[in-house]
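Reviewing the structure listed below.
The values are calculated or read from the model by the stated rules, or taken from the named source; none is laboratory data. Computed from a predicted structure; not experimentally measured. Neighbour counts are summed over all protein chains in view; Cβ atoms, including those assigned to glycine, are modelled from backbone coordinates with ideal geometry.
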Amino acid sequence: MFWGKRLGSVALALLGCLILQRVGLGLNSYFQTMLVLAGVYVTLSVSLNLINGITGQFSIGHAAFYMIGAYSAGVLARAFYVPLDKSLYSPLNNGFQGLVQSISPGFTCQLQPLMWLIGVMIAGAIFAAVAGFVVGLPSLRLKGDYLAIVTMGFGEIVSIIVRNQEPLGKSYGLEIKPTIPSIFLTWLLAVVCIAVCRNLLKNVHGLSFLAVREDEVASSAMGVNVTRVKVAAFVLGSAFAGAAGAIYAHSLGFVSPTNFSMDISFIILTMVILGGSGSITGATVAAVVLFYIPEWLRDLKTIPMAGFVGAIFATIMVVALVKRTLDGFQEKGRKTAMIFASIGAGIVMTIALRFALKGVTGLEGSIDGNKLRFVVLAAILVILMLLRPQGIFAHHEFSWKWVKGLFKKKTAVSA
Amino acid sequence: MDFSTHFVAAFELTTLPQQLINGLLNGAIYALIALGYTMVYGVLKLINFAHGEVFMLGAYGALFVSWKLGYQPDGNAPPPSLMALVLMLLGAMLICTIVAFFIERFAYRPMRNQPRIASLITAIGLSLLLQYAGQIFLLNGTPQTIQAEKISPFSGNVVLNLRGADQSRLAEAEKLKPAWDAAVAEFKARMPLEPGGEFNLSQEGERLHTKQGDAERAYKAALNDGNAGVMKIEVPKGQVVLFTITIILMAVLTYLVMFTKQGRAMRAVSHDFNAASLMGINIDSIITFTFLLGSALAGAGAMMYCTFIPGTKIDSFLGLAPGIKAFTAAVLGGIGNIPGAVLGGLVMGVAEYLVVWAGYDSYRDAIAFLILIVVLLFRPGGLLGSAKVEKV
């Protein structure tokens with residue numbers, strides 16, 4: 001039963017990756033990049049969750065590890081990698097390739113870049129892990145806010161150093177050839193990251209991580225090696241971020257310091273907290289959602305000013321109503337009804353205000369959705385924190401048991 | 001690599017005092033902003049990430065006041081006046097206070113009973129929200145500058161001579177000058193007498209040319225020698241005003257915190273939240289008061305930053321860099337500690353300009369964090385703070 005569930009989960013995850021790859025091939029390059037980036041953000045969010053949510057070490061410099069991975073991939077690609085030229089291709093040159101060729105003919109040029117990508121991922125992970133080790137060391141002495149500011153400072157230092165190095169392209173960045181967008185590998189990395197975190201939590205090592213989060217002094221008194229746990233969390237988390245960075249670099253074909261600014265650290269942190277600090281499911285879902293919302297807004301070129309202002313008023317009203325409902329009403333059914341009623345009222349109000357405010361001077365014209373991206377992101381963040389500070393999933397996790405319970409309830413209702 | 005030559009060439013001792021003063025002036029602004037961070041942390045134990053954005057809004061407040069007073073970028077401006085500067089300062093402080101009141105009331109107060117991380121995330125969210133909403137609503141995000149040269153009655157520099165020129169060498173140079181002039185005159189006088197430009201090639205021409213060159217070299221060497229030791233500090237008068245106002249504001253703050261009833265209540269809340277409330281202190285009003293005080297300081301800092309530091313462009317991301325540096329300064333001095341914030345700010349400012357002095361302009365922003373990390377590794381509580389020992 002145990003192994004059945006486990007193997008089933010692994011098979012399902014792999015199948016999911018393959019399906020994403022298959023779906024991605026049918027889409028245009030923009031959506032392919034989107035799929036890759038979504039996977040990258042899931043990895044980043046889950047790996048930060050390991051440091052931040054599970055071990056309780058408050059780190060706001062995750063973009064630095066991501067950056068180190070991406071730049072090491074970029075430098076390696078520029079230094080060593082010669083794209084496979086078809087005319088030079090011969091199966092005898094490369095034993096492994098010949099082997100694959102004999103198994104599945106026609107699968108030639110694809111393989112070499114993929115192998116390279118895997119190698120570069122490992123390299124990026126190693127470099128980032130070393131950096132994580134360096135950052136992990138101060139965490140032995142510092143706590144809470146002080147650790148946060150040190151990780152932020154580390155991130156800034158890495159960024160400034162990169163900006164000033166000629167071989168790293170200064171502020172302009174590096175171009176990386178060839179681009180190898182592999183949806184399958186990206187999501188495989190995400191799945192591996194999730195699996196590592198999940199399995200960690202199920203055995204004694206992971207429990208010591210949780211113990212350090214809950215109470216450092218007590219856990220060290222119980223024989224947990226606090227030093228080792230903290231450094232291990234940093235090394236593991238940053239290694240995954242580095243691998244994600246390598247994938248990012250090779251899928252976009254371009255890295256520049258602005259892609260890894262402090263905003264990115266904050267966004268990853270937001271994903272972790274919004275999902276529910278410590279919840280892997282939450283980190284995953286929040287990463288996908290929070291990655292998708294700004295991308296969706298990027299496409300909306302013109303949003304009427306009147307509608308936007310109306311939406312602001314409506315949002316404020318809804319938040320106030322929902323907050324009052326959450327604080328005031330005890331009865332569960334009434335609570336839900338009130339929440340849905342206020343959301344409905346908000347939507348009605350938005351539409352009404354959009355037409356009511358149309359003629360007002362100063363509110364004609366429209367806004368570029370691109371400018372609105374971070375406004376919406378930040379607003380969601382503040383509102384959710386006000387209404388549900390423990391995050392969407394709080395400490396809950398997705399599990400087969402939960403799915404089973406879902407079906408059981410349904411049958412019970414029908415019977 | 002040109003590393004070594006660069007390193008050696010940049011160390012000019014004569015410019016050191018000037019850079020130290022620049023650092024102090026810059027550090028004063030950091031200190032002013034850092035005070036806001038540290039005071040809020042003292043009472044709420046919350047890193048107010050939105051403080052940099054309050055600073056940014058203060059800068060906009062000063063800009064709009066200056067526009068209302070007629071100092072538009074184009075067109076006729078009224079004559080420079082001290083009154084306009086005072087009005088701008090008050091306007092910036094007022095705007096910051098109002099914004100801070102709303103932030104505290106509607107974002108931070110509901111979070112007070114939640115885990116600290118939740119309020120921290122709210123602060124980060126507010127910071128992002130104000131930055132990007134400002135990009136839409138504040139002049140469409142177009143960068144603006146305050147017309148400081150039209151407003152400020154303080155123009156010109158204050159010059160302080162630390163070490164004058166070597167007068168004996170200069171006098172020597174003066175004595176050598178006639179010889180050089182004479183040599184030049186002689187050379188020029190002989191020139192047209194020999195047609196076809198053959199004079200330059202003749203033996204006599206060669207001799208006179210060498211004589212002229214020698215005289216010139218002797219004169220210039222003496223002059224350079226005389227001036228080499230000159231060490232002076234030049235500070236724009238506006239920045240002197242800035243420093244003075246900063247000191248006054250800090251003095252006022254010290255008075256408020258140390259010698260008034262409100263200040264005592266603030267210190268009590270900072271010391272022990274619950275005990276203070278048991279002693280009959282109205283926690284809410286004290287926290288609001290502290291918050292507004294810190295934000296008003298940020299407003300003053302913003303007005304001075306944009307007016308007296310030339311070339312400052314006001315846009316909605318203005319608060320980002322000073323905010324982070326001031327925050328670093330607050331942590332460096334020991335967050336929650338008021339003298340620590342001032343010390344941290346000054347140390348950061350001076351360190352930055354020392355890096356500039358050493359020739360590494362581009363690493364100016366990195367040094368702040370480097371110092372911070374090193375200091376925290378050896379004194380985890382900051383320079384003046386004390387690290388708390390956790391007890392079971």
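With the requirement that a residue be closer than 18 Å to residue B:349 by Cβ and within 14 Å of chain A (Cβ to nearest Cβ), what does region B:273-321 give you?
B:319, B:320, B:321
Where residues in region A:392-402 are over 9 Å from residue A:277 (Cα atoms) and in a loop (DSSP other than H, G, I, E, B), which of them is farthest from the chain's Cα centre (by Cα)? Spell out the reasoning first.
Applying the first criterion (over 9 Å from residue A:277 (Cα atoms)) to region A:392-402 yields A:392, A:396-402.
Subsequent filtering for residues that are in a loop (DSSP other than H, G, I, E, B) retains A:392, A:396-399.
Working: A:392: 15, A:396: 18, A:397: 17, A:398: 17, A:399: 20 Å.
Result: A:399.
The rows are residues; the columns are (1) touching a helix residue (DSSP H, G or I) at 6+ places or on another chain (Cβ under 7 Å); (2) modelled with pLDDT under 80; (3) more than 30 Å from residue B:90 (Cα to Cα); (4) of a type in the set (Phe, Trp, Tyr).
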| residue | (1), (2), (3), (4) |
| --- | --- |
| B:196 | no, yes, yes, no |
| B:209 | yes, no, yes, no |
| B:244 | no, no, no, no |
| B:251 | no, no, no, no |
| B:262 | yes, no, no, no |
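How many residues does region B:1-23 contain that are in contact with a Gly (Cβ under 6 Å, 6 or more places away or on another chain) and at pLDDT 85 or above?
Looking only at that region, the number is 1.
Confirm whether residue A:389 is within 27 Å of residue A:278 (Cβ to Cβ) and not in a helix (DSSP H, G or I). Break it down into steps so the answer makes sense when it comes.
On the way: within 27 Å of residue A:278 (Cβ to Cβ): yes; not in a helix (DSSP H, G or I): yes.
The answer is yes for residue A:389.
Filter region A:120-142 down to residues that are within 11 Å of chain B (Cβ to nearest Cβ) and without any contact (Cβ under 8 Å) to a residue 40 or more places away in the chain and give me whichever is nearest to the chain's Cα centre (by Cα).
A:134
Of the residues in region B:116-142, how many are free of Cβ contacts under 8 Å to residues at least 40 places away in the same chain, surrounded by fewer than 19 Cβ atoms within 10 Å (Cβ to Cβ) and either closer than 16 Å to residue A:60 by Cβ or facing chain A (nearest Cβ under 7 Å) (or both)?
Total meeting the criteria: 1.
Condition first: of a type outside the set (A, V, I, L, M, F, W, C) and touching a Gly at 6+ places or on another chain (Cβ under 6 Å). Now tell me which residues in region B:136-155 satisfy that. Working first, answer last.
At the first step, the residues of region B:136-155 found to be of a type outside the set (A, V, I, L, M, F, W, C) are B:140-145, B:147, B:149-150, B:152-153, B:155.
B:152, the sole residue that qualifies.
Sort out which residues of region A:285-329 are of a type in the set (S, T, N, Q), in contact (Cβ under 8 Å) with a residue 60 or more places away in the chain and over 18 Å from residue A:381 (Cβ atoms), and write them in order of number.
Kept after step one, since they are of a type in the set (S, T, N, Q), are these residues of region A:285-329: A:302, A:315, A:325.
Still in the list and also in contact (Cβ under 8 Å) with a residue 60 or more places away in the chain: A:302, A:315.
The answer is A:302, and nothing else.
Would you point out which residue out of A:168, A:117 is more than 9 Å from every other protein chain (Cβ to nearest Cβ), assigned to a helix (DSSP H, G or I) and either in contact with a His (Cβ under 9 Å, 6 or more places away or on another chain) or modelled with pLDDT under 80 (or both)?
Values: A:168 fails: assigned to a helix (DSSP H, G or I).
After ruling out the rest, the residue left standing is A:117.
Among the listed residues A:76, A:37, A:50, which satisfies the condition of being surrounded by 14 or more Cβ atoms within 10 Å (Cβ to Cβ), closer than 26 Å to residue A:236 by Cα and at pLDDT below 85?
Working: A:37 fails: at pLDDT below 85; A:50 fails: at pLDDT below 85.
None of the others qualify; the one that does is A:76.
In region A:243-261, how many residues are within 14 Å of chain B (Cβ to nearest Cβ) and in a helix (DSSP H, G or I)?
Just the residues of region A:243-261 that are within 14 Å of chain B (Cβ to nearest Cβ), to begin with: A:257-258, A:261.
From the residues that got through so far, the ones that are in a helix (DSSP H, G or I) too are A:257-258.
Of the residues in region A:243-261, 2 are within 14 Å of chain B (Cβ to nearest Cβ) and in a helix (DSSP H, G or I).
Please specify each residue of region A:262-312 satisfying the condition of being outside any helix (DSSP H, G or I), under 16 Å from residue A:45 (Cα atoms) and modelled with pLDDT under 85.
Residues of region A:262-312 that are outside any helix (DSSP H, G or I), as a first pass: A:276-279, A:300-304.
Add one more test, that the residue is under 16 Å from residue A:45 (Cα atoms), and what stays is A:276-279.
Hits for region A:262-312 are A:276, A:277, A:278.
Can you pull out the residues in region A:212-242 that are part of a helix (DSSP H, G or I), over 30 Å from residue A:117 (Cβ atoms), away from chain B (no Cβ under 14 Å) and among the polar types (S, T, N, Q)?
Just the residues of region A:212-242 that are part of a helix (DSSP H, G or I), to begin with: A:212-214, A:216-221, A:226-242.
With the extra rule that they be over 30 Å from residue A:117 (Cβ atoms), the set shrinks to A:212-214, A:216-221, A:226-230.
Within this subset, residues satisfying the condition of being away from chain B (no Cβ under 14 Å) are A:227-230.
Answer for region A:212-242, where residues must be part of a helix (DSSP H, G or I), over 30 Å from residue A:117 (Cβ atoms), away from chain B (no Cβ under 14 Å) and among the polar types (S, T, N, Q): just A:227.
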